[in-house]
1. Please find, among B:L197, B:L244, the residue that is over 26 Å from B:K158 (Cβ atoms) and away from chain A (no Cβ under 14 Å).
2. In segment A:384-400, which residues are touching an Asp or Glu at 6+ places or on another chain (Cβ under 8 Å) and hydrophobic (A, V, I, L, M, F, W, C)?
3. Tell me, please, whether a residue that is touching a Phe, Trp or Tyr at 6+ places or on another chain (Cβ under 9 Å) and either assigned to a helix (DSSP H, G or I) or loosely packed, with under 10 Cβ neighbours inside 10 Å (or both) can be found in segment A:176-197.
4. Among the strands (runs of 3 or more DSSP E) contained in segment A:423-488, which hold 3 or more residues that are over 29 Å from A:C383 (Cβ atoms)?
5. Kindly provide the set of residues from segment A:11-32 that are exposed (fewer than 13 other Cβ atoms within 10 Å of the Cβ) and farther than 30 Å from B:Q253 by Cβ, ordered by number.
6. For the structure I just gave you, tell me whether A:G324 is touching a residue at least 12 places away in the same chain (Cβ under 8 Å), among the small types (G, A, S), within 23 Å of A:V440 (Cα to Cα) and buried (at least 24 other Cβ atoms within 10 Å of the Cβ).
7. Can you run down the residue pairs with Cβ atoms below 6 Å, 6 or more apart or on separate chains, where the first is in segment B:49-70 and more than 14 Å from chain A (Cβ to nearest Cβ) and the partner is modelled with pLDDT under 80?
Amino acid sequence: MNYRDLILERLTIRNEKEHAFHGMIVANQKLVQKVLTLQTKEKQLEVVMKTTKIQNETLTQAAEYAKAQGSPEHQHRVAELDRRIHDLNEERAEMYKTQSENAQRLVHMNEQLQKASETEKHNSAEIKKLTASIKQLGTKCDLQIEQLREKDTAIQILQDEIAAIQLEITTIEERNKKLEKENAQLLQRWLDKMNQEAEKMNEATEFYENFLEQARNVGKTIRKTSGGKWIMGPSSSSEKKSDQRSRTPTVVLPVSPIKKMAISDGELFCIKASTTGSMFATGGSDKKLRVYDAKTGNATMALGGSLQTITSICFDSTDELVLGSSTDNSTRIWHLGTQRLRHTLTGHIGKVFAAQFTADSKRVVSGSHDRTLKVWDLQRGYCIRTIFTFSSCNDLTLVDVEGQTLVSGHLDNNIRLWDTRTGNGIKELTGVHNGQITSVSISPGGDTLLTNSRDNTLKMIDLRMYNIVATFQAPSYRNGANWSRSCFSPDMSYVAAGSADGTLHIWNTLTHNLEKTLKDHKGVMCGVSWSPIGDYLYTAETNKNVCIYNTAFQI
Amino acid sequence: MSVAVFDDIISKKIWNGKLPIQISLDPTENHAFTEPIFVILTLFFSYSCNSIDNMEASRCSYLPLVSEQLLHIYNGLDIEIINTEIWYDYEGEPLKWHYPIGLLYDMSGSKDRPWQITVHFRNFPNEKLLKSPSVEAAQDMFMSMMKQADFLRYGTTKRVMNLSKKDQSQLWESLSLDRYDEYWNVNQYLISDTDGLRYVPLRIYLPDQCPVIQEVVSFTNKGSSKLLGDVLNDILPDLFPSNLAIPITHGIQLPLDTPIDWASQNLSFADNFLHLIICKSVS
């Protein structure tokens, strides 16, 4: 046998042996399975039994309970009904509550309603009133508007009128200007004519004088009633006649005063002859400006109004007005005809020591110790120019009759020239004097200046060349006051000044020599003033005395 | 002589080899430890079954599969098994659960029919047995043996590895459910190829706890197919050929002129290994 058959045989033998138990084992397995299933069934049955027992118990319990309580349905119904009753009771209680609340609210509402209706009545009444008042106001308003309209129209009319009037004014002004121009031209022509006449007269007088000289030699006395030159303004500078040094003096040196007066009530500060020569005036610490008759020396007026001492006096060109500058910082102008105070020029803040009219009497220049010069317009009444002069002004004078140039003498020993239009300084003359200038006066010709100073000298200064023409001094002459005034004689032949000891000194302008001394005063002399027509010389001393000297040509 | 033909009849006979087993509960283990239930159960159990269970197990199968059946029965009988570390022994010797049952029976040398073994639930002998004898572990061991066999046979494990997961599971499941056709549907791919045969998947067991011999044995000997005798001569020259020992597998003595390739194809266990036991010859 080959291997295969051997193996097969052996396998078969093995199987016989080993598979012998097969049937038995299978049976065994089946039995085991059955046992298992029976056991599971048994378990299930036990479980079922238990549950059924429990159920049985519960059921019996429930049955008993039900028996005790009646059927559960009944139970339910009863319980339910009870509950419902309870609920309904509650509801009813609540309903009662709400009902009472509502009743209360109703009452409350009624009250409110009443109040509301009252207020409503009240309001409607008010409304009626208000509407009525509104209507009234409306009508008033309309009225006002109407009035406004009328006013507007009136305004319009007035404005138109104003415009028309303004036009008229302008045309009138133009006409006025034209007329003024014509007037000026006519004046000019008239002046020219007068000048011509004057010249003719001068020539006549010259001739007459010559004649008189001859007559004098014969021994006749002819008294001049009016003499001197007439220089009227405004005139152009070309018409101004210059001084002729070779003129023979028409004044004569006085020997003794024709009158001596004592002015009481205070110290005298200044004396001035009027422009026409008909009067003279004094001013002093008695605050009054006294005017006297030129010949007799009788006091004609005493002009009051000044609050303090009057420091200088000036008459205007026609002797209508007189001004007095005062230490109360103002300058006052009186009208001589009415003797009433015309203007008070205030504006200086220092004592006013000098003031002058311009030839047209429209303006005044004043110099003060507040270091200013002021130009005042008399028509407007206020200062139109203030010139700052660095030093207090003691005296001033206008160089020309138009009032364009002004000379002032100052505390700082200097003399200054000013243009009044512009206020600019033209020239400052220093070194002329060694003491403060107490007086400046212009020669009648207008080209020479006489200055008096505390250095006890008087100097004549040519205003064109600004050189000193002459110096006047004398050992006996001492300037006694800061405001001591000196002056030329109207014919330029002499210069007069008062000394501190009361001696009147007169120098000859040509020879520069002291020609005459007259001691008629006792105290310090404050001012001399020569009448422009040359017939009188007035002197004043601070101690109230005034002397009048006759300087007219006489035999 | 080369081409090993698939011998259907032999193969079937090999597959259908069954062993009667009598499994007894370890009586020492049924002491009532703590729970009174256990006492009742033990009484109950002793009443019903007298602690014996008879069954038939396939020779090619494994012990964990048997354990499964046992558990099923014991659970049905309301016997609680606290410790699922089941192990068996025959006459005090713990049985290796990763060996096929037929191999274990032949190794034990027992001639009992039925084979009486004891089942234990406690005191798992960790020194002697591999741990956790579960069905999954047995499956893993089985698959590893298959791969070894494949590797030895062809030099690569590609045949086993190329099997789909379904086929791999089918191998084991058909074994556990005793389905010959299904098993061989898959297994034929693994061993039917006659080209590239390299070495024989062969394990030799000697008595008295000798270590297992697994040597490299080629299929052919200078072109011709080797015989079993040649192979044994190569491996155990002292014993073969002589009258001292005989090779046994599947409970039968193999003739020494069996061609080794035919034997490997038809006489292998389910894991495609030839497990040969060397016994003393009974003269």
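1. Only one candidate qualifies: B:L244.
2. A:I384, A:F390
3. Yes, segment A:176-197 has at least one match.
4. Because the criterion is at least 3 residues that are over 29 Å from A:C383 (Cβ atoms), the strands (runs of 3 or more DSSP E) in segment A:423-488 that meet it are A:457-462, A:467-473.
5. Answer for segment A:11-32, where residues must be exposed (fewer than 13 other Cβ atoms within 10 Å of the Cβ) and farther than 30 Å from B:Q253 by Cβ: A:A27, A:K30, A:L31.
6. It is true that A:G324 is touching a residue at least 12 places away in the same chain (Cβ under 8 Å), among the small types (G, A, S), within 23 Å of A:V440 (Cα to Cα) and buried (at least 24 other Cβ atoms within 10 Å of the Cβ).
7. B:P64/B:P133
Yes or no, residue by residue, for (1) in the same structural domain as A:G297 (by TED's automatic domain parsing); (2) over 15 Å from A:L268 (Cα atoms); (3) modelled with pLDDT under 85; (4) in a loop (DSSP other than H, G, I, E, B):
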{"site": "A:A500", "(1), (2), (3), (4)": "yes, no, no, yes"}
{"site": "A:L504", "(1), (2), (3), (4)": "yes, yes, no, no"}
{"site": "A:W507", "(1), (2), (3), (4)": "yes, yes, no, no"}
{"site": "A:T511", "(1), (2), (3), (4)": "yes, yes, no, yes"}
{"site": "A:H521", "(1), (2), (3), (4)": "yes, no, no, yes"}
{"site": "A:L537", "(1), (2), (3), (4)": "yes, yes, no, no"}
{"site": "A:A540", "(1), (2), (3), (4)": "yes, no, no, no"}
{"site": "A:V546", "(1), (2), (3), (4)": "yes, no, no, no"}
{"site": "A:I555", "(1), (2), (3), (4)": "no, yes, yes, yes"}
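The values are calculated or read from the model by the stated rules, or taken from the named source; none is laboratory data. Please read these numbers as outputs of a predicted model, since none were measured by experiment. When we count neighbours, we look across all protein chains shown, and the Cβ atoms used for this are built from the backbone with ideal geometry, even at glycine.
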